[in-house]
Amino acid sequence: MTERSLDDLLDEIALGLASAEDQSRIEAMAAQDAALAARLDRARQRFAPLDDTAPVLPLPQGFWQGIAARLDGATDLATTGSGETAPASGMVVDLARVKSRLGRWRGTALGAIAASLLLACVTGWTLLSPPAPLVIAVLMDAEGEAFALIESGADNTTRVTLLEPADVPAGQVMQVWTKPDEAGPPVSLGLLVEGSSRTLSISGLPAPGARQLYEITAEPAGGSPTNLPTGPILGVGLAKEPVL
Amino acid sequence: MTLTTPGASVTIASRRPHPGGAGLTAGRPVSSHLSKGTCGSHPHGGGFKIETDHAALIRACASGDRSALKTLMEAEGGRMLGVARRMLRRADLAEDAVQDALVLAWRRAAQFDPSRGSAKGWLYTILRNRCLTMLRQEDREVSSGASEVDDTPAAQVLASAHGSLETSTGLRQCLDRLDGATREAILSSYVLGHSHGEIAGQTGTPLGTVKARMRRGLLKLRECLS
């Protein structure tokens, strides 16, 4: 796809002219590609002033209740009455209220609570015992100092632990790259927007292997506009498989 | 060893914040070379506006704070209803669309990434997508409730949208440089949600001509706004 036609497509998505298929394809790509996401956002922002030309209409009575009743996601049932006092800790309290009010929802509510508890247990267990990474890479800076530790699982969930305070100019962000195919182009794993260690996830890449290259560069805010590394290298290294 | 592409050039300017956005994300509304010469001291907006930090509200939604969603609704719901009404032309469908959009925003709040675009833009994108989906479904399913259909002529809605764009904005100035038919077509698609086919039908123009005309117009807009 040429640059020209990509620009056309992004504009057509912003206007609502693109097919649902094209739109979801580009949005899925943008979810993994900061540069494309920024271009799509720019296309949308070009037309956004038109949103502000719409009249501000009064919201009808009960509008918020209609929304609040659907926030738990499980049902679209219309809860009646004084439903606006839901505390921030939402879910359990709300289900209890529904349960007491509507006996026939009791089973659903209990099931949901049980599912929540199970999910909490599973999540807790998963967090407490992370799977051993498939590969580990130590990224070195230009002085040969260890700059960051990369640990990636088979699904390319990549934990990036910075080992040195990052020296990133104002207005720039760190962007993490890898080369799943030694002969292919580098692929962005994501941005370290906060400038601190974090775990990045990406789908659609093959499981990482030994000698796979990882790199962190400094890029303009929002990520490399070309979707290839453009900025100075802050750390670079090859992955190894841990001996377990 | 490096990944860096030596010849890679940076061709894209930094992201522009939502021009109409209040709050922390509001930035320079007009690129300077476009604003010179016209309405130099045009006051932006009117009256007082409560500052809304959309991004912070969406983050709060992600952490389960319902009051944040309610604040978002109070800040943007009326405008969202106006946007939905223009596209769907029915009060009941427009209300459904805005409620759906806010529920979707709540569910997707954790996916919002401020580094990838403005918060207000994110919210309106959800709304517009919802409206477009309903519009495309409506052709097949719903044609009842004629009494609720807003019968304001499309041309009038478009003229109002165009006229309400501040003359100081780049979009207004660049739209005004397009020929009338191209400008109408672009406005119809964004404001009314019309497809290429609908625009062709309404203007009695062959579909291929409409598509080509709009692409040329969009290219001119990009060049003009860049």
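Results for (1) more than 10 Å from chain A (Cβ to nearest Cβ); (2) of a type outside the set (Val, Ile, Thr); (3) not in a helix (DSSP H, G or I), shown as yes or no for each residue.
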| residue | (1), (2), (3) |
| --- | --- |
| B:ALA159 | yes, yes, no |
| B:GLY163 | no, yes, no |
| B:THR167 | yes, no, yes |
| B:CYS174 | no, yes, no |
| B:LEU178 | yes, yes, yes |
| B:ILE186 | no, no, no |
| B:TYR190 | no, yes, no |
Problem set entry | Residue that is farthest from B:ARG79 (Cα to Cα) [pool: residues in region B:166-201 that are open to solvent by less than 20 Å² (accessible area, probe 1.4 Å) and at pLDDT below 90] | B:SER168
Problem set entry | Positions within region A:14-25 being surrounded by 22 or more Cβ atoms within 10 Å (Cβ to Cβ) and assigned to a helix (DSSP H, G or I), in sequence order | A:ALA14, A:LEU15
Exercise. Regarding A:ALA218, is this residue more than 10 Å from chain B (Cβ to nearest Cβ), open to solvent by less than 60 Å² (accessible area, probe 1.4 Å) and part of a loop (DSSP other than H, G, I, E, B)?
Worked result: no
Problem set entry | Which listed residue is assigned by TED's automatic domain parsing to the domain that holds A:ASP7 and either within 26 Å of B:ALA62 (Cβ to Cβ) or modelled with pLDDT under 90 (or both), from A:ALA74, A:ALA78, A:ALA88, A:ALA30 | A:ALA30
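Kindly provide the set of residues from region B:63-72 that are open to solvent by 10 Å² or more (accessible area, probe 1.4 Å), assigned to a helix (DSSP H, G or I) and at the interface with chain A (Cβ under 9 Å from one of its Cβ atoms), ordered by number.
B:ARG66, B:SER67, B:LYS70
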Exercise. So, in region B:82-113, of the ones that are closer than 22 Å to A:GLU27 by Cβ and of a type in the set (D, E, K, R), which residue ends up nearest to the other protein chains (Cβ to nearest Cβ)?
Worked result: B:ARG107
Problem set entry | Evaluation of A:THR53 against (1) within 7 Å of another protein chain (Cβ to nearest Cβ); (2) modelled with pLDDT of 85 or more; (3) open to solvent by 20 Å² or more (accessible area, probe 1.4 Å) (one fails), failing number | (3)
Problem set entry | The listed residue being away from chain B (no Cβ under 14 Å), in contact (Cβ under 8 Å) with a residue 12 or more places away in the chain and over 25 Å from A:ALA28 (Cβ atoms), out of A:GLU143, A:GLU182, A:GLU241 | A:GLU241
Seminar exercise, completed: The one condition A:SER203 fails out of (1) at pLDDT below 90; (2) crowded, with 20+ Cβ neighbours inside 10 Å; (3) away from chain B (no Cβ under 11 Å) is (2)
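The values are calculated or read from the model by the stated rules, or taken from the named source; none is laboratory data. In this text, all values refer to a predicted model and were calculated from it rather than measured experimentally. Backbone-built Cβ (ideal geometry, glycine too); neighbour counts: all protein chains shown. Please note that ligands, DNA and RNA were not included when accessible areas were found on the heavy atoms of the full protein model with its side chains. Shrake-Rupley method; radii C 1.70, N 1.55, O 1.52, S 1.80 Å.
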